[in-house]
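Some notes on the structure that comes next.
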Amino acid sequence: MILFLYGELDKKSVAELKDHIEKCPDCAHEMEYTGKVFDLVEETKTEDIPDADWEKCWSRIDKKVSVPDKQRKTYINFFPKWAAAAAALVCVLIIGFVIGRTTFIPGGGDMTVAGESQDAFQISLQDYFDSLRPLLMEYAHLREDNGSDKLTLDKKYVEELLIQNILLKRLAGEKNPNDRQLLEDIELILREITNMDKNGTSNPLMIKEYINNQGILNAVEVRGMI
Amino acid sequence: MNGKRMETLDLIQNAQQGDREAFSMLFEENKKKVFGLAFNYTKNKQDAEDILQDTFIKAFNGLDKFQLKKHSSFSSWLYRISVSCSIDFLRDKKRMKKSLSDWELVDRTSSEGRNPEENASREDLRRKIERLVDDMPPRQKMAFVLKHFQQLKIKEIAEFMECSEGSVKKQLFRGVENIKGSLKRLLWEKDYEM
């Protein structure tokens with residue numbers, strides 16, 4: 001019914017729906033009510049979008065975009081994906097070790113990324129997302145009639161991703177709350193996937209739902225561009 | 001390939017080389033479209049400006065990954081980033097709101113539907129709808145805004161939100177049903193005829 005009102009039903013379905021509505025007063029009433037609700041929704045639309053303070057916006061954008069960051073990123077693309085993923089893992093371990101030795105106060109404090117380590121963290125994160133994306137896509141585009149048996153999973157690979165995720169999440173610390181939240185969401189998914197392999201109790205469609213509802217694939221895609 | 005498209009391609013290529021002047025022209029070409037979506041999504045100028053900035057910063061940093069072969073156009077690629085930024089923005093905002101409400105008791109008393117004697121006006125209903133849309137989960141709200149306020153096709157929404165058409169339909173269905181259910185209660189309480 002909603003699709004009909006959007007004008008997104010095919011001709012055959014439109015004819016069937018109209019035929020049914022002629023005979024069914026309940027559905028006719030529901031259709032009329034939904035149409036009225038759509039009219040009200042239409043009335044809430046803001047016709048006059050105000051002008052933004054374009055100059056202020058552009059000057060902020062201009063300040064934040066930096067050429068060195070761009071140049072640094074381009075040569076990463078020369079590496080094949082597996083090499084980048086391996087390098088990222090080694091990089092994460094080294095950064096973790098260095099930070100642990102230099103900035104971690106024994107007995108307290110949080111492990112966070114500081115100064116130049118931030119750049120290395122960003123590179124590691126991008127490479128990690130490159131490795132993760134195919135797995136997320138496989139789940140996000142899983143057909144509802146498919147079971148877990150249709151998924152081709154390399155359990156060891158998923159476990160490696162989980163380890164990388166945990167390390168990166170710790171490195172994100174409090175200074176990168178958005179990254180940390182995203183990594184927490186991804187950790188839930190990876191744990192769910194590894195649990196599913198062990199017990200067979202989890203539902204891949206539930207994982208799919210979680211990925212789609214939280215917009216995780218989208219966030220990974222965009223975050224991977226930075 | 002027409003002149004305008006050629007010009008945009010040149011701008012993209014120059015911007016990919018780090019030319020900020022070219023990027024500023026791309027900003028000029030696309031700023032209204034991105035801001036319009038962000039404003040319809042947040043209904044707040046300041047928030048929409050923040051999303052606009054996030055979108056273009058992310059776009060600039062991801063320019064070397066933009067390939068015309070993979071994306072239908074630069075503006076649709078930008079739109080996709082804008083959708084993602086808007087959803088992230090709202091998620092953060094809701095999270096912050098939630099953590100604040102853990103600390104303080106938020107006064108949620110409102111005028112809506114409290115007094116059975118009061119007659120519901122069409123304006124009441126519109127306000128109620130605005131509130132219901134505002135309270136939708138971020139992705140559901142994005143699907144709803146793209147469909148009802150930006151008038152996009154479900155296929156396009158799925159492309160921008162990077163999910164299946166089925167998932168978009170589900171989000172729209174839930175959003176519309178929620179509004180219908182809430183209005184039905186309101187109308188029943190107030191015996192209002194639309």
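Computed values, structure above
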| quantity | calculated |
| --- | --- |
| Shape category assigned to the stretch A:2-43 from the gyration tensor of Cα positions, a/c cut at 1.5 | oblate |
| Segments A:179-185, A:125-131, B:79-85 sorted - mean Cβ within 10 Å per residue, highest first | B:79-85, A:125-131, A:179-185 |
| Number of partner chain Cβ atoms within 10 Å, mean per residue of B:179-185 | 3 |
| Peptides ranked, highest mean first, by Cβ atoms within 10 Å: ranges A:25-37, B:133-145 | B:133-145, A:25-37 |
| Distance in nm between pseudo-label sites at B:Ser121 and B:Lys32 (7 Å out along the Cβ direction from Cα) | 3.3 nm |
| Peptide-level mean, for A:23-34, of C-beta atoms on other protein chains within 10 Å | 1 |
| Greater than 22 Å apart at Cα, pairs in A:Lys56/B:Lys31; A:Lys155/B:Lys65; B:Lys58/B:Lys153 | A:Lys155/B:Lys65; B:Lys58/B:Lys153 |
| Shielding by partners, peptide B:42-54 (average Cβ within 10 angstrom, other chains) | 3 |
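All of the numbers you see were taken from the coordinates with simple rules; none came from a lab. These figures come from a predicted structure and were not determined experimentally. Neighbour counts run over all protein chains shown; Cβ positions are idealised from the backbone, glycine included.
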